[in-house]
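Everything below concerns the one structure shown next.
The values are calculated or read from the model by the stated rules, or taken from the named source; none is laboratory data. Keep in mind it's a predicted model, so treat the numbers as computed, not measured. Virtual Cβ from ideal backbone geometry, glycine too; neighbours counted across all protein chains shown. Quick note on the areas: whole protein, heavy atoms, side chains included, nothing else; ligands and nucleic acids left out. Shrake-Rupley method; radii C 1.70, N 1.55, O 1.52, S 1.80 Å.
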Amino acid sequence: MTSQSQSSESYVKAFSPGSATLFFIPNRYSDALKKGSQGVAICIESGMNTRIEPSDELEVRFNGIPLDKSIQEEVAKRLRFKGKIYSTSELPPSSGFGLSAAAALTTIAAIKGNYTRIGEIYKMAHQIEIKRGTGLGDVQSQISGGLHIRIKGGSFPYSVTERILVKDTDLLVLPFKKKVPTGEIISSESIVRKIIKNGKASLKEFIKRPTLENGLRIGRKFAIDSDLVSPNSLTILEDLGGIPSSVSLIGDSIISIYNDEAYEILRKYGNPIITKISRTGLTIY
């Protein structure tokens, strides 16, 4: 049974876009609902789908593989849900595209179902992210979708996000599993000071010309100046040259505007995924 008085017919599927943060400024709040980050991010159509089915036992799978101690399981226990939770994504976990946040968001949305106030989902997912140290702004980004600025970081009702209108654009992503967890990186005071300094300069520059191409250019500079790019990813960015591209923070994955040249370059290093800027944030269907 669930904590909701739902019939099995009311169960829904949920989708969250992936999130690529280009640059960010972490805040210093201790309150989980206020803690987060300013910055600029791109949400992409490659993301996560989650569906649930009634069952007497809790079962969680990602791309068909059983999971233990997952975010989905934590959500299910908080909502007193028993059943099957199946999540799928073409993106690998721990690749810097917000799959932890997507897992929380889609699982909460699928369990709570139709006509749920988005603020309830937002707050729970954000608190889980902060507690686990898996992100500082992905939930905020994936609630919004598209290309956007996190004007004020945190969760509902403290956060402020501004979407930027952008035409349909093809993108390339080349995912790599990140070697260091987000929480471990942002626990270093010296790294955080550098990130805050560079992030403030990046945001000021981006607001003057808030385009996708400019965001990728500024994001690349921010990541390099903040020592958030691995040698492997730096080599790829140098190979891409002037093609608008950067890394998805905090991680080693590459995100680039799509063209034939960029696709052929990225193919030398792995299997690039062709995607688009998302037109929506978290949704149910």
State yes or no: is Lys268 of a type in the set (Lys, Arg), under 30 Å from Glu189 (Cβ atoms) and open to solvent by 60 Å² or more (accessible area, probe 1.4 Å)? no
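Residue-wise test of (1) open to solvent by 10 Å² or more (accessible area, probe 1.4 Å); (2) among the charged types (D, E, K, R); (3) within 22 Å of Arg117 (Cα to Cα).
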{"position": "Ser55", "(1), (2), (3)": "yes, no, no"}
{"position": "Arg61", "(1), (2), (3)": "yes, yes, no"}
{"position": "Glu73", "(1), (2), (3)": "yes, yes, yes"}
{"position": "Ala76", "(1), (2), (3)": "no, no, yes"}
{"position": "Lys84", "(1), (2), (3)": "yes, yes, no"}
{"position": "Ser89", "(1), (2), (3)": "yes, no, no"}
{"position": "Ala101", "(1), (2), (3)": "no, no, yes"}
{"position": "Leu105", "(1), (2), (3)": "no, no, yes"}
Would you list the strands (runs of 3 or more DSSP E) that sit entirely within the range 3-110 and hold 1 or more residues that are closer than 25 Å to Pro157 by Cβ and not acidic (Asp, Glu)? 13-26, 37-54
Go over the candidates Arg209, Arg132, Arg193 one by one and state the one that is open to solvent by 60 Å² or more (accessible area, probe 1.4 Å) and under 19 Å from Ala41 (Cα atoms). Arg209
Of everything in the range 113-136, what is in contact with an Asp or Glu (Cβ under 7 Å, 6 or more places away or on another chain) and assigned to a helix (DSSP H, G or I)? Give them in sequence order. Ile128, Glu129
Turns out the helices (runs of 4 or more DSSP H) fully within the range 168-285 with at least 2 residues that are in contact (Cβ under 8 Å) with a residue 24 or more places away in the chain and either closer than 21 Å to Gln142 by Cα or of a type in the set (D, E, K, R) (or both) are 182-185, 189-208, 212-225
Give the residues of the range 227-255 that are surrounded by fewer than 22 Cβ atoms within 10 Å (Cβ to Cβ) and among the hydroxyl-bearing types (Ser, Thr, Tyr), sorted by residue number. Ser230, Thr235
Residue count, the range 92-115 (criterion: at pLDDT 95 or above, hydroxyl-bearing (Ser, Thr, Tyr) and over 19 Å from Leu228 (Cβ atoms)): 2
